[in-house]
Amino acid sequence: MKETELQIRVLGEPVLLKQAKPINKITEYHRGLLSKMSRLMYAASGVGLAAPQVGVSEALIVADIGTGLYKLINPKITKKEGVQVIEEGCLSVPGITMKIKRAKRVTVNALDDTGKSVIIEAEDLLSCVLQHEIDHLNGKLIIEYASWLDKIKMKKTLSAGKKGLKDEGLRKPKTEPKTL
Ligand code: ZN
């Protein structure tokens with residue numbers, strides 16, 4: 001697969017709503033995909049990316065909040081604690097940001113790209129990013145957290161986005177919100 005073939009999939013593409021398949025055997029293909037996803041995430045100034053966002057329905061995510069790159073296979077949340085609200089954006093939902101209530105701390109069990117078990121105890125932003133990306137593996141997008149009133153407000157933005165603001169979500173705002 002050539003670098004240029006990886007593209008961010010946006011709202012409306014069925015792959016974003018599918019349950020991603022767990023990976024039984026990690027191959028060079030998966031390692032290559034994780035590397036390409038990382039490069040795409042950095043190029044898009046995102047802090048996280050899940051395989052369904054590049055059209056691959058497999059349980060792979062990458063994340064980097066500026067403290068180091070995580071390449072995770074079959075990530076699962078095994079513990080949640082506390083509550084935080086962070087304003088989030090999503091590369092697959094351009095033009096929309098939402099304040100989302102999530103766990104403040106999570107423990108995530110996963111495999112790294114060599115197949116070794118890793119346990120990540122994350123809090124604050126990293127916790128938020130991991131929950132957001134694992135949501136993607138479950139076919140869940142940030143708009144599902146919206147109230148019906150928010151959804152009405154978003155409708156206008158989303159239809160405007162389809163017309164001409166295609167790349168807006170790919171740029172990282174100078175401050176919050178985070179694009180994942
Ligand atoms: Zn996202």
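Could you tell me which residue of the range 57-76 is nearest to the ligand (Cβ to nearest atom), considering only residues that are buried (at least 17 other Cβ atoms within 10 Å of the Cβ) and of a type in the set (D, E, K, R)? Looking at residues that are buried (at least 17 other Cβ atoms within 10 Å of the Cβ) and of a type in the set (D, E, K, R), I get Asp64. The lone criterion from (1) buried (at least 20 other Cβ atoms within 10 Å of the Cβ); (2) within 16 Å of the ligand (Cβ to nearest atom); (3) closer than 22 Å to Glu123 by Cβ; (4) under 13 Å from the mean Cα position of the chain (by Cα) left unmet by Val54 is number (3).
Assess whether His132 counts as being in contact with a helix residue (DSSP H, G or I) (Cβ under 6 Å, 6 or more places away or on another chain) and touching a residue at least 60 places away in the same chain (Cβ under 8 Å). Against the criterion (in contact with a helix residue (DSSP H, G or I) (Cβ under 6 Å, 6 or more places away or on another chain) and touching a residue at least 60 places away in the same chain (Cβ under 8 Å)), His132 does not qualify.
Of all the numbered requirements in (1) surrounded by 14 or more Cβ atoms within 10 Å (Cβ to Cβ); (2) in a strand (DSSP E or B); (3) out of contact with any helix residue (DSSP H, G or I) (no Cβ under 8 Å at 6 or more places or on another chain), Leu49 misses one, and that requirement is (3).
Against the list (1) in contact with a Lys or Arg (Cβ under 6 Å, 6 or more places away or on another chain); (2) closer than 18 Å to Asp135 by Cα, the condition Ser45 fails is (2). For the range 77-93, a residue qualifies if it is of a type outside the set (Gly, Ala, Ser) and either within 15 Å of the ligand (Cβ to nearest atom) or crowded, with 22+ Cβ neighbours inside 10 Å (or both), and the qualifying residues are Ile86, Glu87, Glu88, Cys90, Leu91, Val93. Identification of strands (runs of 3 or more DSSP E) wholly contained in the range 53-92 with 2 or more residues that are farther than 11 Å from Ile134 by Cα and free of Cβ contacts under 8 Å to residues at least 40 places away in the same chain yields 70-81. Of all residues in the range 117-160, those that are within 11 Å of the ligand (Cβ to nearest atom) and outside any helix (DSSP H, G or I) total 2. Has the range 9-21 got any residue that is surrounded by fewer than 17 Cβ atoms within 10 Å (Cβ to Cβ), among the charged types (D, E, K, R) and assigned to a strand (DSSP E or B)? Checked against the condition, which is being surrounded by fewer than 17 Cβ atoms within 10 Å (Cβ to Cβ), among the charged types (D, E, K, R) and assigned to a strand (DSSP E or B), the range 9-21 yields at least one hit.
Read the figures in this text as sums done on the coordinates, not as results from a lab. Please read all numbers here as calculations on a predicted model, not as lab measurements. Backbone-built Cβ (ideal geometry, glycine too); neighbour counts: all protein chains shown.
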